[in-house]
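All remarks here apply to the structure that follows.
Taken together, the values in this text are just the output of simple stated rules run on the coordinates, not laboratory data. Small disclaimer: the values here were computed from a predicted structure and weren't measured. Methodologically, a virtual Cβ is constructed for each residue, glycine included, from the backbone with ideal geometry; neighbour enumeration extends over all protein chains shown.
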Amino acid sequence: MIKIKAVLLLGGQSVRLPSNSPKPKQFLSLGSKSIYEHTLETFKKSGLFSEIVLVTPKEHHLPGSVIGGKTRQESSYNGIKACGDKTDFVVIHDAVRPFVSLDILKKNIDAVQIYKAVNTCIPSSDTIVYVENNKIVAIPKRSSCMRGQTPQSFAYELILDAHKKTAQTNATDDCSLVFELGHPVHIVLGSEENFKITTPHDYLLALNYLKK
């Protein structure tokens, strides 16, 4: 039987979302539940995972959770290792994307069993510019650009190998590590609702979305 596990990353320190709470943003209230609890509830209700690994800051450790590292890359690696070698596929998700849908989870799981590496992406409505030293050095064709989200899903041995072999130390996502190995990364379509709560504006947007 195929074993698919999930890693929810709760390790962020919320440096861009000030609040009166001593807790990071993932623990802030969003309606009747905290932000991460909304995310966790969707993953649990899906029934798609044999285990859900929570990666938390040391200062806000939850029972049964895994302690994160100093960077997102370290936290992700800790969560991946905690899945164990009997894992076939792992789905990695930012816990501060509380409106991830069941459809997105299903599309990830269907695709990862075929392609071994999958990123959730959405088209960009804005023109993307490449900047160095405060100057635009390239303007890629917008139709060829997409915005990466999570979940990102992988064959377990592939993502484990990518973390072990990477030269990067502060990667902002896991797909870049797999891409570094030369392995292709397939995409599935995400949604605008699957946004990441990073700034105070994002938090207000989430509160309004929840009311709807």
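Along the stretch 91-108 the Karplus relation, 6.51 cos²θ - 1.76 cosθ + 1.60 evaluated at θ = phi - 60°, assigns HN-Hα couplings of 10, 10, 9, 6, 5, 8, 10, x, 9, 4, 9, 4, 4, 5, 4, 5, 5, 4 Hz to successive residues, with x for each Gly and Pro.
Excluding same-chain neighbours fewer than eight residues apart, the lysines reachable from K5 by a Cα-Cα span under 21 Å are K44, K45, K81, K86, K106, K107, K116, K164. Across the stretch 134-151, coupling constants 3J(HN,Hα) worked out from phi with the 6.51/-1.76/1.60 Karplus curve, θ = phi - 60°, read 6, 10, 6, 10, 7, 10, x, 5, 4, 5, 9, 9, 9, 9, x, 10, 10, x Hz, and Gly and Pro carry x. Over all pairs of different C-alpha atoms in the chain, the reciprocal of the mean inverse distance, the Kirkwood hydrodynamic radius, equals 17.8 Å.
Taking trypsin sites (Lys or Arg not before Pro) across the stretch 71-159, the ones in a DSSP loop with at most 15 further Cβ atoms lying within 10 angstrom of their Cβ are K86, K141. Remark on R147: its backbone amide H falls under 5 Å from those of I122, S124, a criterion applied only to residues 5 or more positions apart or on other chains, H modelled at 1.01 Å from N.
Largest first, the extents of the alpha carbon coordinates of the stretch 36-146 on the three principal axes equal 47, 34, 28 Å. Per-residue Karplus couplings for the stretch 189-201, computed as 6.51 cos²θ - 1.76 cosθ + 1.60 with θ equal to phi - 60°, are listed in order as 7, x, 7, 4, 5, 7, 7, 9, 7, 10, 10, x, 4 Hz, Gly and Pro entered as x. For the peptides 123-129, 201-207, 191-197, residues were scored by their other Cβ atoms within 10 Å and the scores averaged per peptide; the highest-first order is 191-197, 201-207, 123-129. Close amide-amide hydrogen proximity is noted between V53 and A6, V7, L8, each under 5 Å apart and 5 or more residues distant or on a separate chain (H modeled in the peptide plane; Pro and chain starts excluded). What the Cβ-Cβ distance of T169 and L204 gives, at R0 = 30 Å and to the nearest 0.05, is a FRET efficiency of 0.35.
At a temperature of 25 °C and a viscosity of 0.890 mPa s, determine how fast the stretch 99-167 diffuses translationally according to Stokes-Einstein, using the Kirkwood radius over alpha-carbon pairs as Rh; express D in µm²/s, rounded to the nearest whole number. Reported coefficient: 170 µm²/s. Structural descriptor for the chain: relative contact order 24 percent, calculated from alpha carbon pairs under 8 angstrom and at least 6 residues apart.
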